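Beneath this line is the structure, given in structure tokens, with notes to follow.
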Amino acid sequence: MVFMQSLTLESATEKSVVWPRLLPRLHVKAFTGGVIVLLFIIIGIIGPSIAPFDPNKQELTAMMKAPAGIGAPHSLGTDNLGRDILSRVIYGSRVSLLVAFAVVFVSGFIGIALGAISGFFGGKVDFLIQKLVEVVWAFPPLLLGITIMAFLGQGLFNLILALVAQRWIPYCRVVRGQTLSLRNRDFVTAAQCLGASNRQIITRHIIPNLIQTSLVIGTFAMASSIIAEASLSFLGVGVPPEIPTWGTMLADARIYISTAWWLPLFPGLCIFVTVLGINLLGDALRDILDPRLKRSGAKI
Amino acid sequence: MISARRFVTALTAVTCLLCSALGVRAQSRVSIGVTETIETHNPYGDSVSLQYGIYSEVTGPFCTYSYNKADFEGRLAERWKVENPTTWIFYLSKNYKFNDGTTVTAEDVVHSLMNRVIGDPQSKQKASVAPSVVKAEALDKFTVKVTTDKPTAPLLSFLCDRLIVTSKAAFDKYGRDAADREHMMGGGPYQLKELIPGQRLVLQKRPDHPDAKNHPNAPDEVIYRIMREPEQRVTAFLNDEIQIAQFIPPHMRQRIEKNAKLRIAPIDSVEIMFLAMQPKPPFDKKEVRQAVCHAINRDQIIATLLESFASRLDGPIGPGQYGYDPNLKPKMNYDPEVSKKLLAQAGYANGVDVELQTPVGRYTLDKQLTEAMVPMLNAAGFRARLLTPEWATLWANVQKGTVPFYYMGRGSVQDPSAALHQYFHTGETPRIGYSNPKLDELLDKEQQEFDPNKRRQYLSQAMSILTDDAPACFLWRHKLLWGLNSRIDYKPLPDARIYAIDMAVKR
Amino acid sequence: MVSYLVHRLAGTLPVLLLISFLVFSLIHAAPGDPTLLLLGEETNAADIARAKERWGLDQPLYVQYLKFVRAAAAGDFGKSFKYAEPVINVIKSRLPATIELAVFAIIIASLLAIPLGVWAGAKPNSWIDNLGTTFGLFGISMPSFWLAIMLILLLAGVLNVLPTSGRSTYGVAGPEQTGFYLFDSIMQKNWAAVWDGLTHIFLPALALGMNMLGILMRVTRSSILEVMNEDYVQTARAKGLQEKNVVWRHVTSNALIPVITVVGLELGTLLSGSIIVETVFAWPGSGSLLITALNARDYPLVTGIVMTYTLAFVAINLIIDGLYAVVDPRIRY
């Protein structure tokens, strides 16, 4: 709870005034977002046990059946190879969430570490890291992902790598900025006087103060990772076909838009709703954790 | 709210009414939605069927293959003879004129063949048009002598519908780029009016051309619009934005059949689809390769996924292709039990891991069809996995010879000689790496044999060896669905060529 | 100000160099051989060797890179393997379509988002605020290619009011002058072509701009909220000014600063988002060109397009910095 403490240090006065005003709104947002995200995480974890069919089980004689409605065997219909769409959508959630979490954690780790180092030490180290940031950031993001995937080949691990390649940068930037301002604060000087090493200062004193912003970034980053993975799968440079993902399902559905509307509808809807839930949660988190916005009662 | 399209249509209708009332014949225009693209102004700068077809029509064609007669017909080259196994003489028609009025002569043919197809570094057509040609000379104004390095019996299948004859004079006067861009002209019944690479190409009929006079109902203007996305092509076809739609996926045909003004024309393509296997473990054993062939239930795939729009191949080629033998043995029927026995014989009674690679979006339903093959292979004792690398990577690896097991097609197989040499002759390409001296001998013989009966025999024997030894499992030929507006009377060709002169537009 | 800009430009040069090196190595490292992809199916080893020599691919990588840099410094990005034309010409022929698309996406996004955002921000917790927030949330959560597909399905397929693809109907346009179809048509007073162009650009621009719409909405709203509580606004209210005037004269111009930032930041997303939207709508812009070039391993063309995007990115960021100075008198260089 270190970060909450420093937060309250800054805004103790505003807290009592603003919270009651925010609370009802916050409630709805956090609640809805939280429920949606929780639902997908649960589905992702217990997916295999609730999926009615094997997502890769083909039934060539039962291709392109329209949704049969809730409770019927193929409630969301079958796809172009007779596979059950509901099951594929459930398994697809596993991949999307796995990729999203992995990308956010890895890129967050790299970004926060590099940002803190960059901001704390300054000088040459800062210069080099910032140049790296500029170069990598100038790439159109999708292009970098496509090229890396072409180079590495299909695969879950490669996909995560390709997505991390640019996503560490927002963390790096924000963390660097905040480190720069925190570096000169009293409690850092105090720690230095007490003999703490640089590593200790960074890990014990600075980074905990940055977590809340990183958390907000991370939440929104998770949403964009899901969309990015779907985009890469859509363009055909994602995971091999034996792993069902929402993006690949959408890509396969492209030639069936007018004949089998349920093929592109459900995976796309899943992406949309999941991302919506994550964004709602992110909004709520930002409202709780970002003091500057609280001052004006604004909600982004 | 009136959409622009409807407004323009209404305006055109009124204009047509007025024109016909005044006795003025309105221009007939046909728009065609195609899937291949024309990317360059250089007629020799690409090697795709669409390009060959369009430019052949603009410049001749040199000669053409008639599927009705199952033989070659003269056009710009009226007739020909084989003087000796390495020398061909072509006699040109005297009636073909360029757009500026000058006659197409032997000099133009020689120039096109030697300087543009073979000599020009930017040409991508050498291997497909003149692989064994070493010299071409003009014997007189309308006679061309072509010399090949080795006897090439199927030479016509390379030259006909492919050799594009452009004007030497324009080339000399304006230089290559300007000649291609601004002074593109040919002796054919249509002239190039507009070309926007990657988007569209517009041809206009030349009313004074003898072919045009013989085909008065051929459209006056033809617009090729590049539409690679099937959904868009079909929707444009339903909206009458295009009157001919190339290659409609089978599952979309109901929408078209419901419309009385449109029809579907299925045509057997000349592209053979197969599973290639490199003779390295586990495919070094013939039994394993044969097991793969017996494992695939082609009939079910054709019936369900392709909705019967494909014809099964029992051998490298099918009916209508040169050298087809309906009695070819053996037949690799669907029989997973036989597959299991063969695998056991080869020492893989407990199964064997294989990775099948396929392109995505390059051939009709490629990913889907191969996805359906995976459980079939698994049921026959394999442990199969599917990989879908992007085309650039896959093709590079296939050419390098590093893909052990893949799904592929080989187009333009009117005459199987080129394809068989390419994939199965020792040393020609590393795509499969198969080597069989007996097969090589037969393939060499057929290439140099000018007697059609003997040639067919050699081809049959070669194909029998191939089917039995199974370096590839020959699967099917797609039936390509063309969408045609009922206003247009046209029989599409088995390759992707479109000759507008053969169309008849009802007014 | 000028010295600042010069200083900035000088700073970007090493970055551009590094980027060019990164693109170069990445694209060459990716498996795939342009000679195999671009020559015909029946090509043989001799042709491949000739093509390699012609395209300079037989040289070691660093030699190729140095050649590229030297030529690029003079403005020559080489010749495209696939199109056999100078890369600059190929890009020039396709770039206007993408720029048009991006501009329209921004216009549509701004026209919808900014008024809505201002209204929502000015009346927090009202039904307008709820609507705006929801709209914004939807905008940023929508995957653009799914939206594109759904739009095609609904508006072009089911309702059949808009075309599904392409940029124009054949036969309607006049001669091409600048490459900007709509601009040319307006200049030529060819109103049928203008309408034709608008119907073709609407769906792709909407699909592309939806994301930006959401972000703009949210940012506008929050910056309006921030500004509304400032002292000078309270003063204006105390002075007895009508709420409407307060909002428009005092609040909006200040609130637009972050909006400009957003457009600049999101430009990168727009450019890369156009890759997918152009593919789905068969829009003949540089995004679909990039995909084609990448698939064909057309090294010069890929490098050229990426460098063009980067240059555009850098230039636009400079302009935005300049705009700041104009909009916010406190900022001075």
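The values are calculated or read from the model by the stated rules, or taken from the named source; none is laboratory data. Being a predicted model, the structure only gives us computed values, none of them experimental. Cβ sites come from the backbone with ideal geometry, for glycine too, and all protein chains shown count toward neighbours. Note: accessible area is taken over every heavy atom of the protein model, side chains too, but ligands, DNA and RNA are not part of it. Shrake-Rupley method; radii C 1.70, N 1.55, O 1.52, S 1.80 Å.
Of note:
- Here the Karplus curve 6.51 cos²θ - 1.76 cosθ + 1.60, taken at θ = phi - 60°, turns the phi angles of the stretch B:236-248 into couplings of 4, 5, 5, 7, 6, 6, 10, 9, 10, 10, 7, 6, 8 Hz, with x standing for Gly and Pro.
- Listed by chain and number, the lysines whose alpha-carbon sits under 29 Å from that of B:LYS329, ignoring those within fewer than 8 places in the same chain, are B:LYS69, B:LYS280, B:LYS285, B:LYS286, B:LYS340, B:LYS341, B:LYS438, B:LYS445, B:LYS454, B:LYS479.
- Dipole of chain A [Lys/Arg +1, Asp/Glu -1 at C-beta], most positive-end residue of A:PHE127, A:ALA68, A:LEU182: A:LEU182
- Heavy-atom accessible surface that C and A bury in contact, both chains counted, 1.4 Å, Å² to 100: 4100 Å²
- For the stretch C:217-232, accessible area lost to neighbouring protein chains reaches 20 Å² or more, against the chain alone with a 1.4 Å probe, at C:ARG218, C:ARG221, C:SER222, C:LEU225, C:GLU226, C:ASN229.
- Scanning chain C for DSSP H helices at least 27 Å long along the axis (C-alpha atoms) with a Kyte-Doolittle mean no lower than 0.5 picks out C:2-29, C:87-122, C:191-228, C:252-281, C:299-327.
- Each helix, a run of at least 4 DSSP H residues, gives -39500 (n - 2.57); summed and divided by the residues of chain B, these come to -9500 deg cm²/dmol at 222 nm.
- When the charge dipole of the stretch B:29-104 is built from unit charges on Cβ atoms (+1 for Lys and Arg, -1 for Asp and Glu) and taken about the Cα centre, the candidate among B:SER31, B:PHE90, B:GLY53 whose Cα reaches farthest toward its positive end is B:PHE90.
- Taking 29 Å as the straight-line reach from the Cα of B:LYS173, the lysines in range (excluding those fewer than 8 positions away in the same chain) are B:LYS94, B:LYS97, B:LYS124, B:LYS126, B:LYS135, B:LYS141, B:LYS145, B:LYS193, B:LYS205, C:LYS79, C:LYS82, C:LYS92.
- Taking Lys and Arg as +1 and Asp and Glu as -1, the other residues whose beta-carbon sits under 12 Å from that of A:LEU180 total +3.
- Estimated dipole of the stretch C:161-239 in Debye, rounded to 20 [Cβ of Lys and Arg +1, of Asp and Glu -1, Cα centre]: 220 debye
- Pairing chain C with chain B buries about 3700 Å² of accessible area. This figure sums both sides and uses a 1.4 Å probe.
- Counted by Cβ distance under 12 Å from B:LEU356, the other residues give a net charge of -2, where Lys and Arg count +1 and Asp and Glu count -1.
- Residues whose amide H falls under 5 Å from that of B:LEU262, counting only those 5 or more places apart or on a different chain, are B:SER486, with hydrogens built in the peptide plane.
- Counting only alpha carbon atoms, the long axis of helix A:262-289 and the longest principal axis of chain A meet at about 20°.
- Prolate/oblate/rounded call for the stretch A:99-138, Cα gyration tensor, a/c under 1.5 rounded: oblate
- Backbone geometry of the stretch A:128-140 corresponds, through the Karplus equation with coefficients 6.51, -1.76 and 1.60 at θ = phi - 60°, to 3J(HN,Hα) couplings of 4, 5, 5, 5, 4, 4, 4, 5, 5, 5, 6, 6, x Hz, x marking Gly and Pro.
- Cβ-defined net charge surrounding C:SER286, 9 Å radius [Lys, Arg +1; Asp, Glu -1]: 0
- Summed over both chains, the accessible area lost when A and B associate is about 1900 Å², using a 1.4 Å probe.
- If you bin all the Cα-Cα distances of the stretch C:19-104 at 5 Å, starting from zero, the percentages per bin are 3, 12, 17, 22, 20, 14, 8, 4, 1, 0.
- Taking all protein chains into account, the per residue accessible area for the protein assembly as shown stands at 40 Å² (1.4 Å probe).
- The stretch B:210-286 and the stretch A:183-223: distance between their alpha carbon centers, rounded to Å: 63 Å
- Amide H contacts of C:GLU85: C:SER80, each under 5 Å away and 5 or more positions distant or on a separate chain (H built 1.01 Å from N in the peptide plane; Pro and chain starts excluded).
- Rounded to the nearest 500, the helix-only mean residue ellipticity at 222 nm of chain A stands at -25500 deg cm²/dmol, with each DSSP H run of n ≥ 4 adding -39,500 (n - 2.57).
- In order through the stretch B:108-118: 3J(HN,Hα) via Karplus (6.51 cos²θ - 1.76 cosθ + 1.60), integer Hz, x for Gly, Pro: 5, 5, 4, 4, 4, 5, 7, 7, 8, 6, 8
- The stretch B:402-507: chymotrypsin sites (Phe, Trp or Tyr not before Pro) in DSSP coil with no more than 16 other Cβ atoms inside 10 Å: B:PHE450
- Volume in Å³ per residue [convex hull over Cα atoms, computed for the stretch C:158-246]: 186 Å³
- As computed over the stretch A:189-240, the Cα convex hull volume per residue (Å³): 99 Å³
- Residue-averaged [θ]222 nm for chain C, counting only DSSP H segments that reach four residues, each worth -39500 (n - 2.57): -24000 deg cm²/dmol
- Within the accessible surface of the protein assembly as shown, defined with a 1.4 Å probe on protein heavy atoms only, the carbon and sulfur portion equals 62 percent.
- Which of C:LEU131, B:HIS294, B:GLY175, positive extreme of dipole for the protein assembly as shown (C-beta unit charges): C:LEU131
- The charge dipole of chain B, taken about the Cα centre with unit charges on the Cβ atoms of Lys, Arg (+1) and Asp, Glu (-1), comes to about 960 debye, rounded to the nearest 20.
- Under the convention that each Lys and Arg Cβ holds +1 and each Asp and Glu Cβ holds -1, the size of the dipole of the protein assembly as shown around its Cα centre is about 2120 debye.
- Amide hydrogen neighbours beyond the local backbone of C:TRP283, cut-off 5 Å, H modeled: C:GLY166
- Here the contact order of the stretch C:50-191, divided by its residue count and restricted to Cα pairs under 8 Å and six or more residues apart, works out to 12 percent.
- The protein assembly as shown, Rg to Rh (Cα coordinates; Rh as Kirkwood inverse mean 1/r): 0.99
- Compactness index (Cα Rg / 2.2 N^0.38 Å), the stretch A:209-265: 1.50
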